[in-house]
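Below is one structure, written out as structure tokens; the observations come after it.
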Amino acid sequence: MLPNTDVSAALAKTAALYEHVKSVIPDVEWPVHAPYVAAINDLKKQRNAVILAHNYQTPEIFHCVADITGDSLALARRAVETDAEVIVLAGVHFMAETAKLLNPDKVVLIPDERAGCSLAESITAADIRALREKYPGTPVVTYVNTSAEVKAESDICCTSGNAVEVVESLGVDQVIFLPDEYLANYVAQQTDVRIIDWKGHCEVHERFTAAELEQYRASFDELTIIAHPECPPDVLDAADFVGSTAQMQAYVQTERPKRVLMVTECSMSDNVAADISDVEFIRPCNLCPHMKRITLANIHESLETLQPRVEIDPMVADKARLAVERMLAIGG
Ligand code: 13P
Ligand code: SF4
């Protein structure tokens, strides 16, 4: 709790925000969040700051302090459009790096620098140089879940929302696609381009199993299962729909299934459920420990101190930015 806080005043100030999230945040918890929510929303104005939040952030961040929310692609796109002087990235480190690449003159803050990603950890710039030697002339398509150093060695980036489109935009017979093996496999099923993959995995999505999904199907009638393409192939085969987090959200909002199971990080269902009352959410819960390092308390501290800042070596940034900008130029 913030020091010297008037909790009653904070509760009054945040009453409308709580109304929106009360189906997913118990009322006993709100007095802990409310002072931070009120203070962060005030500080944002003082600092001319915006908060970008990924779909895996908890509802008190996602619905109550974020200005821009979405999947990795939407956050990259919207990061370019902001006039704010300060960007706080409520997500993981590679997302903050992407925002900094696209806004080199702005202050970009990541409230906890340890918010990493198992996919980003799975590959280095030296690995890409070795692959280029092994497959000369083959373009490198790199998932945004990578470091700036890795992006700098790549021809173009992609996200789970535009991967097939990016691969096909290159007009070649084969590409090196890094680092997510399961996303690469999913893309390979939808294109004639030969995909050379890497054995990186998301530690959250690789834990789901097809057997687990079968059990849910047996336990719940009329269950719609939608999955993220970072899941293993047999999990994707067992799903009714596969897409990025934004595509999963759009699917639920437009299709309005009676009962849905989102095979992805836990907070995703909470955030979609807060907006929708006529869909029942079945919630298997795999937490991303990196996403969960971001809290209201460290967002508040980050806005107060304007630290920790994301800085990228300019030589690396110039090359990495090109790979991200080539992706954004494609659309999708
Ligand atoms: P998207 O939100 O782009 O689908 O990515 C999911 C993810 O795991 C991000 O870390
Ligand atoms: Fe990385 Fe997976 Fe966490 Fe996304 S959910 S940040 S891909 S570890």
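A few notes on this one:
- Residues being among the hydroxyl-bearing types (Ser, Thr, Tyr) and farther than 30 Å from residue 107 by Cα - total across the stretch 264-322: 3
- Sub-9 Å Cβ pairs linking a first residue in the stretch 184-204 that is polar (S, T, N, Q) and buried (at least 16 other Cβ atoms within 10 Å of the Cβ) to a second residue that is at pLDDT 95 or above and not in a loop (DSSP other than H, G, I, E, B), at least 6 apart or interchain, are 185/195; 185/233; 185/236, ordered by first then second residue.
- Matching residues, the stretch 156-183, being assigned to a loop (DSSP other than H, G, I, E, B), more than 14 Å from ligand 2 (Cβ to nearest atom) and in contact (Cβ under 8 Å) with a residue 40 or more places away in the chain: 162
- For the stretch 283-298, the tally of residues that are in contact with a Ser or Thr (Cβ under 7 Å, 6 or more places away or on another chain) and within 14 Å of ligand 2 (Cβ to nearest atom) stands at 0.
- Residue within the stretch 28-39 that is in a loop (DSSP other than H, G, I, E, B), open to solvent by 30 Å² or more (accessible area, probe 1.4 Å) and at pLDDT 95 or above present: yes
- Checked across the stretch 137-157, the condition of being open to solvent by 10 Å² or more (accessible area, probe 1.4 Å), of a type in the set (Ser, Thr, Tyr) and in contact with a Pro (Cβ under 6 Å, 6 or more places away or on another chain) holds for no residue.
- Candidate set: the stretch 229-249, residues that are of a type in the set (S, T, N, Q) and crowded, with 21+ Cβ neighbours inside 10 Å; chosen: the one nearest to ligand 2 (Cβ to nearest atom): 245
- Residue, least open to solvent (accessible area, probe 1.4 Å), within the stretch 40-59, restricted to residues that are in a loop (DSSP other than H, G, I, E, B) and out of contact with any strand residue (DSSP E or B) (no Cβ under 6 Å at 6 or more places or on another chain): 55
- Of the residues making up the stretch 76-113, those that are at pLDDT 95 or above and either touching a Ser or Thr at 6+ places or on another chain (Cβ under 7 Å) or within 16 Å of ligand 2 (Cβ to nearest atom) (or both) number 17.
- Only one of the numbered conditions (1) closer than 25 Å to residue 163 by Cβ; (2) out of contact with any Asp or Glu (no Cβ under 7 Å at 6 or more places or on another chain) is violated by residue 285, and that is (1).
- The stretch 244-332 holds helices (runs of 4 or more DSSP H) entirely within its bounds, and those carrying 3 or more residues that are over 22 Å from residue 59 (Cβ atoms) and within 20 Å of the chain's Cα centre (by Cα) map to 314-330.
- Subset of the stretch 112-155 (residues that are among the basic types (Lys, Arg) and in a loop (DSSP other than H, G, I, E, B)): 114
- Any hit, the stretch 109-118, residues being open to solvent by 10 Å² or more (accessible area, probe 1.4 Å), in contact with a Leu (Cβ under 7 Å, 6 or more places away or on another chain) and not β-branched (Val, Ile, Thr): no
- All positions within the stretch 104-155 that are more than 15 Å from ligand 1 (Cβ to nearest atom) and hydroxyl-bearing (Ser, Thr, Tyr): 124, 135, 138, 154
- Residue count for the stretch 275-302, restricted to those that are surrounded by fewer than 18 Cβ atoms within 10 Å (Cβ to Cβ) and among the aliphatic types (A, V, I, L, M): 4
- Residues (touching a strand residue (DSSP E or B) at 6+ places or on another chain (Cβ under 8 Å), farther than 17 Å from residue 266 by Cα and either open to solvent by less than 20 Å² (accessible area, probe 1.4 Å) or not in a loop (DSSP other than H, G, I, E, B) (or both)) located in the stretch 205-223: 217, 223
- Residue match in the stretch 75-85 (condition: surrounded by fewer than 23 Cβ atoms within 10 Å (Cβ to Cβ) and under 14 Å from the mean Cα position of the chain (by Cα)): yes
The values are calculated or read from the model by the stated rules, or taken from the named source; none is laboratory data. The shown structure was predicted, so the numbers you read here are calculated from the model rather than taken from an experiment. Please note: Cβ atoms are built from the backbone with ideal geometry, for glycine as well, and neighbour counts cover all protein chains shown. SASA here: full protein model, heavy atoms, side chains in, ligands and nucleic acids out. Shrake-Rupley method; radii C 1.70, N 1.55, O 1.52, S 1.80 Å.
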